[in-house]
1. For the chain, what are the DSSP H helices with axial Cα length of 18 Å or more and mean Kyte-Doolittle hydropathy of at least 0.5?
2. For region 76-142, report the % of Cα-Cα distances exceeding 15 Å.
3. Taking 35 Å as R0, compute the FRET efficiency from the Cβ-Cβ separation of Phe51 and Leu194 and round it to 0.05.
4. Quote the FRET efficiency, to the nearest 0.05, computed for Met86 versus Lys163 with a Förster distance R0 of 25 Å and r equal to the Cβ-Cβ distance.
5. Describe numerically, in nm with one decimal, the distance between label points set 7 Å from Cα along Cα→Cβ at Glu60 and at Met202.
6. How big is the dipole moment of the chain about its Cα centre under a simple scheme where the beta carbon of each Lys and Arg is +1, that of each Asp and Glu is -1, and everything else is neutral? Debye, nearest 20, please.
7. Over the chain, give the accessible area per residue in Å² for a 1.4 Å probe, as an integer.
8. With the dipole of the chain worked out from charges on the C-beta (+1 for Lys and Arg, -1 for Asp and Glu) around the Cα centre, which of Ala71, Thr28, Gln188 lies farthest toward the positive end?
Amino acid sequence: LTLEERLAHYIIEGTKEGLYPDLDEALTLYRPLDVINGPLMKGMEEVGRLFNNNELIVAEVLQSAEAMKAAVAHLEPHMEKSDSAMKGKILLATVKGDVHDIGKNLVEIILSNNGYDVINLGIKVGPEQLIIAAREHKPDMIGLSGLLVKSAQQMVTTAQDLKLAGIHAPLMVGGAALTRKFTYTRIQPEYDGLVLYAKDAMDGLDLANKLTN
Ligand code: B1M
């Protein structure tokens, strides 16, 4: 197998055996984020496909998630960091009912490496918890992540509840179940502030930068 194939393979198999030396080799060839977005994501997509076809069980997908998290943690210290002054404060959460957090945590890494103070509220965060945190921290932006189809609808509910609570900090939404269209036709009309759709973590950083500049 080529290096790229082996990297995808660790994620598909959910194993860390041999992972770190191969990641180190990959770092001599690629930037850390390209390793994540390239071979590691390719592996994760295959995991999603196999799971969809009932060829993997949840426990196996969990192992893949562990391997992905370990890989991201190994690459993280090698990522570019800007030592710019604090650009803003961002609350980040995976919405109520959803446990997927690899994408959200990647967004956290990228934003915090680029001058943002990120408060990561974790997974299954309901509107009530978000409202309390927003009142406490007064963020410049609130980021919501969700991968399940029902999470897209949960974002609509969350936007409605935030609006009722008088919160109108810009919302950034992302995650596989979401589309730009859904964001602007279903979430934005329910919210008092701006709602922005981010297709991936780098897009999230670009949007945050545009907002705070
Ligand atoms: Co789940 N799962 N899962 N799963 N899982 C999916 C999402 C699924 C598509 C798999 C499939 O069937 N093909 C499917 C969803 C179906 C649907 O609703 N359409 C699914 C399902 C069904 C489930 C369960 C219901 C399974 C079950 O129990 N029967 C269950 C749900 C539990 C729950 O949430 N209540 C479940 C559980 C799990 C595990 C726990 C085993 C594990 C998650 C572990 C973890 O996150 N800690 C897991 C995994 C790993 C996946 C897949 C395989 C991979 C997700 C992932 O981490 N990708 C996934 C299939 C797939 O996506 N191919 C799948 C890598 C990650 C970097 O990408 O999160 O998309 P992603 O983030 C991207 C962008 O989306 C974006 O940036 C990132 C890239 O830079 N982004 C943002 C994300 N959030 C953002 C926020 C932003 C900006 C950008 O701003 C705020």
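The values are calculated or read from the model by the stated rules, or taken from the named source; none is laboratory data. Keep in mind that what you see is a predicted model, and the values were worked out from it rather than measured. We place every Cβ from the backbone using ideal geometry, glycine too, and count neighbours over all the protein chains shown. Just the protein is used for accessible areas: all its heavy atoms, side chains included, with ligands, DNA and RNA removed. Shrake-Rupley method; radii C 1.70, N 1.55, O 1.52, S 1.80 Å.
1. Going by DSSP H runs, the hits are 58-75.
2. 53 percent
3. The computed FRET efficiency comes out at 0.50.
4. Calculated value: 0.35.
5. Taking the two extended label points, one gets 3.2 nm.
6. 920 debye
7. Per-residue value: 51 Å².
8. The listed residue farthest towards the positive side: Gln188.
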